[in-house]
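Novice: Just passing along the structure, written as structure tokens.
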Amino acid sequence: MQNPKNLNSAVHLRSVATTRRVAVSHREVAFWNTMIGKKVVMAITGVVLISFLIAHIFGNLKIFAGPDEINAYSRFLREVGMPEFGYGQLLWLVRIVLFVCVSLHITAAVQLTRIIRAARPIGYAAKRDIETIWAARAARYGPVLLFAFVVFHLLHLTGGVVGFGQGQFKHLAVYQNVVAAFAVWPIALFYIVAMGALYLHLNHGIWSMLQTLGWNTARNEATLKMISRVIAIVVFLGFTSVPVAVMTGWLH
């Protein structure tokens with residue numbers, strides 16, 4: 001007959017082994033639940049999203065080369081990868097990756113904010129200066145405006161569901177659609193304001209990303225901050241140049 005002590009010892013060892021296997025298989029979950037894990041996720045998804053924004057700017061600026069150039073580029077985005085991929089399939093794959101990155105980025109940001117607030121339930125008593133107040137408000141409301149903008153942009157210039165009259169939106173006629181869209185000044189103004197919010201987000205976000213990735217040092221801190229601001233300005237100017245060009249009659 002087996003000794004009860006040995007039996008209990010064997011059960012305990014199996015339990016420990018099982019616990020260790022579960023811990024190892026859920027390391028990603030454990031990492032996600034930490035502050036540094038959320039910051040790393042925000043940094044990695046931020047790299048993907050910033051890369052997309054820069055590529056998107058170069059595509060948008062083709063509109064200044066005329067209707068043929070920008071419309072051909074629109075067709076290329078849907079035909080790239082053929083015949084391995086069907087028409088538009090690779091574009092949809094990119095959209096899915098971007099959607100996942102945006103979802104993870106927002107979720108990590110919200111949860112990280114809650115963790116920080118929970119750790120500091122009582123606000124600072126010291127009076128903040130105007131710059132700090134505006135930075136705090138931009139950090140709080142900017143992402144909400146950007147999310148609303150992304151939803152509107154997809155329904156507007158991607159799908160043609162809103163912002164166009166009956167039969168005005170034409171598939172793959174990007175030049176004509178953009179000119180018709182930004183001829184409505186409230187819509188053009190909304191795009192410009194949203195890009196202002198994006199500038200504020202990138203100006204702070206790129207610097208935070210570089211810190212999280214461990215690229216900053218005492219020597220290069222000022223340089224990296226300048227790089228962050230320059231990238232944010234380039235993105236702002238690149239995106240706002242199109243609605244401004246339509247509003248001023250440069251593109252018609």
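Novice: Sort 28, 84 by heavy-atom solvent-accessible area, probe 1.4 angstrom, most to least.
Specialist: 84, 28
Novice: Further question on the same structure: Please report, as a whole percent, how much of the solvent-accessible surface of region 55-123 comes from carbon and sulfur atoms (probe radius 1.4 Å).
Specialist: Roughly 68 percent, rounded to a whole number.
Novice: Got a sec? What order do 78, 117, 219 fall in by accessible area at 1.4 Å, biggest, i.e. largest, first?
Specialist: Values: 78 45, 117 140, 219 230 Å².
Of 78, 117, 219, the descending order of accessible area is 219, 117, 78.
The values are calculated or read from the model by the stated rules, or taken from the named source; none is laboratory data. These figures come from a predicted structure and were not determined experimentally. SASA here: full protein model, heavy atoms, side chains in, ligands and nucleic acids out. Shrake-Rupley method; radii C 1.70, N 1.55, O 1.52, S 1.80 Å.
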